[in-house]
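Asker: Before we start, here is the structure in question, set down as structure tokens.
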Amino acid sequence: LESTLQQSQSGEQEALARHDRRLQMRLSEAQRRRDLLVQAGADAVRRLQERHAARVANIDREIAGLHQAEEAELRHTLERRRKQFVDDYMKRQTIEAAVIAGIGPTVKQTLRKHGIVRAADLEIHRLAQVEGVGEARARVLIEWRRKAEALASQTAPQSLSKVEETLIRGRFYGRRFGLEQEKGKAQRKLAADVAESQARTAEQIKLADQEPQRLRQESTGGRDAIRNRFAQGRKQAQ
């Protein structure tokens, strides 16, 4: 009988130990499932952010491109205005009316016969074909043209008119405004999607957090059943 009692006590301890090991395994598995839920939730948010971030980055690039295109158009438009101003000025400067050292009426008449009547007409290859205009006179004429161009460049517009600049900027502003609206919509959609995903994950984690308590309650009942079973055997032996 003493041996039976000792065996019962040893058996009870072994049964309780096995029961506790099973509980620890189930708790570990529950914790692992919870960790997977947390990781899955973080991955879902990251994927949402990456997808929306790519769209927002594309919009930002388009907006930056519009800024560059706007500045380029303003610059090119000003360059065209300045060139047109210089061209018009050069067309108004006639050789006949100009006082050019070493270029008298006879030379001017000769130039006119060859269709060279304005500063814009003065080019080396054309002067080389005019009889009576040597290298020295060609240099004088080209220098007069260069000075006329320099003067025209100095007096050319340095900026666009307010009306023209406003028209150009207004056209680009409308396109940028549309992109900014699209960007804001994408960002709001991201915030809503992230909030929904986080709420869904939080609900799943809440359920997972209740699992250890449920397992421990079940374990307590199992331990009591083991004790009662062995206690009943010892009672009969006693």
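The values are calculated or read from the model by the stated rules, or taken from the named source; none is laboratory data. Note that this is a predicted model, so its numbers are computed, not measured. Positions of Cβ are generated from backbone atoms using ideal geometry, with glycine treated the same way; all protein chains shown enter the neighbour counts. Each accessible area value is taken on the protein alone, full model and side chains, heavy atoms only, with ligands, DNA and RNA left out. Shrake-Rupley method; radii C 1.70, N 1.55, O 1.52, S 1.80 Å.
Asker: Any residue at all in the range 96-105 that is in contact (Cβ under 8 Å) with a residue 24 or more places away in the chain, farther than 28 Å from G170 by Cβ, of a type outside the set (A, V, I, L, M, F, W, C) and not in a loop (DSSP other than H, G, I, E, B)?
Answerer: Of all residues in the range 96-105, those in contact (Cβ under 8 Å) with a residue 24 or more places away in the chain come to 98, 100-103.
Right, trim to farther than 28 Å from G170 by Cβ and you get 98, 100-103.
Restricting the remaining residues to those that are of a type outside the set (A, V, I, L, M, F, W, C) gives 102.
Next, only the ones that are not in a loop (DSSP other than H, G, I, E, B) stay: none.
Within the range 96-105, none of the residues are in contact (Cβ under 8 Å) with a residue 24 or more places away in the chain, farther than 28 Å from G170 by Cβ, of a type outside the set (A, V, I, L, M, F, W, C) and not in a loop (DSSP other than H, G, I, E, B).
Asker: Any residue in the range 134-141 that is loosely packed, with under 13 Cβ neighbours inside 10 Å and in a helix (DSSP H, G or I)?
Answerer: First, pick out the residues of the range 134-141 that are loosely packed, with under 13 Cβ neighbours inside 10 Å: 134-136.
If we keep only those that are in a helix (DSSP H, G or I) too, we end up with 135-136.
Yes: one or more hits.
Asker: Additional query: Tally the residues that are of a type in the set (A, V, I, L, M, F, W, C) and more than 20 Å from the chain's Cα centre (by Cα), restricting the search to the range 171-193. Don't jump to the end; show me each part of the working.
Answerer: Pass one, the range 171-193, residues of a type in the set (A, V, I, L, M, F, W, C): 172, 177, 179, 186, 190-192.
Okay, now just the ones that are also more than 20 Å from the chain's Cα centre (by Cα), so 192.
Total meeting the criteria: 1.
Asker: Scan (1) modelled with pLDDT of 90 or more; (2) open to solvent by less than 50 Å² (accessible area, probe 1.4 Å) for the single condition G178 breaks and write down its number.
Answerer: Here G178 clears every test but (1).
Asker: Six or more apart or on different chains, Cβ under 8 Å: which pairs go from a residue in the range 208-233 that's over 15 Å from S28 (Cβ atoms) to one that's open to solvent by less than 80 Å² (accessible area, probe 1.4 Å) and of a type in the set (G, A, S)? Could you list them?
Answerer: I226/A15; F230/S8; F230/G11; F230/A15; G233/S8
Asker: Moving on to the next point. Looking at the range 198-238 only, could you name the residues that are over 21 Å from L16 (Cα atoms) and among the small types (G, A, S)?
Answerer: Those that are over 21 Å from L16 (Cα atoms) and among the small types (G, A, S): A199, A202, A208.
Asker: Please go through the range 119-133 and give me each residue that is open to solvent by 40 Å² or more (accessible area, probe 1.4 Å) and not basic (K, R), ordered by number.
Answerer: Quick first cut of the range 119-133, residues open to solvent by 40 Å² or more (accessible area, probe 1.4 Å) only: 123-126, 128-129, 131-132.
Within the range 119-133, E123, I124, H125, A128, Q129, E131, G132 meet the criteria.
Asker: Right, here's the next one. Given the structure, is L66 open to solvent by 80 Å² or more (accessible area, probe 1.4 Å) and either under 29 Å from A191 (Cα atoms) or among the aromatic types (F, W, Y) (or both)? It would help to see each step written out before you state the result.
Answerer: Values: open to solvent by 80 Å² or more (accessible area, probe 1.4 Å): no; either under 29 Å from A191 (Cα atoms) or among the aromatic types (F, W, Y) (or both): yes.
When the stated conditions are applied, L66 does not pass them.
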